[in-house]
1. Each residue of region 21-27 in turn: what ³J(HN,Hα) in whole Hz from Karplus with 6.51, -1.76, 1.60 and θ = phi - 60°, glycine and Pro shown as x?
2. Can you compute the charge dipole magnitude of the chain about its Cα centre, using +1 on each Lys and Arg Cβ and -1 on each Asp and Glu Cβ, nothing else charged? Give it in debye, rounded to the nearest 20.
3. Which of the chymotrypsin sites (Phe, Trp or Tyr not before Pro) found in region 1-87 are in a DSSP loop and have at most 15 neighbouring Cβ atoms, other than their own, within 10 Å?
4. Please list log₁₀ I(q)/I(0) at q = 0.07, 0.13 Å⁻¹ for the chain, using the Debye equation with identical point scatterers on the alpha-carbon positions.
5. What's the tally of Lys pairs in region 5-254 whose alpha-carbon atoms lie under 27 angstrom apart, where the two lysines are 8 or more places apart or on different chains?
6. Under 18 Å from the 7 Å Cα→Cβ point of His104, by amide nitrogen: which residues of region 203-240?
7. Go ahead and estimate [θ] at 222 nm for the chain from helices alone: -39,500 (n - 2.57) per DSSP H run with n ≥ 4, summed, over the residue count, rounded to 500.
8. How many percent of the accessible area of the chain is carbon or sulfur, using a 1.4 Å probe?
Amino acid sequence: MRHPVVMGNWKLNGSKEMVTNLLTGLDAALAGVEGVDVAVAPPVMYLDLAQRLISQGNSNIILGAQNVDVNASGAYTGDISPEMLKDFGASHIIIGHSERREYHHESDEFVAQKFAFLKEHGLTPVLCIGESEAQNEAGETVAVCARQLDAVIKTQGVEALNGAIIAYEPIWAIGTGKAATAQQAQEIHAAIRAHIASFSAEVAKNVVIQYGGSVKAGNAAELFAMPDIDGALVGGAALDAEGFAAIAKAAAEAKK
Ligand SMILES: O=C[C@H](O)COP(=O)(O)O
């Protein structure tokens, strides 16, 4: 049985005050919640503060980050290494988010390189994949997801996905309030799992596939009721402690 993972991607939002309030509120809202891994990815500037706040709380919130670079150390101005993330207790690292693919021109190959680098350093990649609206309308959704996954599978072997998390995020659903329906998302999640199963049934059975794109407290239960939706990568709704905790609780409830 796959263990659900609900992760909050805070994107470029935060201040010391906001991080403190959000993590304190989340710790309280998650009291007694079991059966779901809850992770947050604050901006890297706030990892130190977040690590300290999480260690003072009771909720076992997992710390993550929104990106990693591909060098270990040296003359790479502005880069962040896996060991730096580990130094602050961050374990679940988002890579390949469509915003980085678009605004920072990150290719499938570059994202795969990040994937390998995270694995090499014992970190958990949260690999985002997903199609644009135009690709969706052209019926290319599954092919796009397969191509993005194959950049990892064909260079590192399908077993590289063991212990990693895949986040299916249709770009047209991100921040738009227009989430995929539970049925639409289930269909694509099943196709993604089938694609992985064409390499290894065992890996496909165990890999966590999150849905991301306008997940809210109001649509979470419906999404998590689907057999191939193992959690969520949440943007906007993760900035509210109560709302995000409600999403985590819905996952725990649905996957009992
Ligand atoms: O990483 C999270 C996603 O981009 C979803 O963002 P959203 O929940 O604001 O639509």
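1. Running phi through 6.51 cos²θ - 1.76 cosθ + 1.60 with θ = phi - 60° gives 5, 5, 6, 5, x, 5, 4 Hz.
2. That gives the chain a dipole magnitude of about 360 debye.
3. Listed in order of number, the matching sites are Tyr76.
4. -0.21, -0.76
5. 21
6. It comes to 234-235, nothing else.
7. Estimated from H runs of four or more residues: -13000 deg cm²/dmol.
8. The C+S portion of the solvent-accessible surface of the chain is 52 percent.
The values are calculated or read from the model by the stated rules, or taken from the named source; none is laboratory data. The structure displayed is predicted, hence computed values, not measured ones. No Cβ is skipped: glycine too gets one built from the backbone with ideal geometry, and neighbour counts run over all protein chains shown. What goes into the accessible areas is simple: the full protein's heavy atoms, side chains included, and nothing from ligands, DNA or RNA. Shrake-Rupley method; radii C 1.70, N 1.55, O 1.52, S 1.80 Å.
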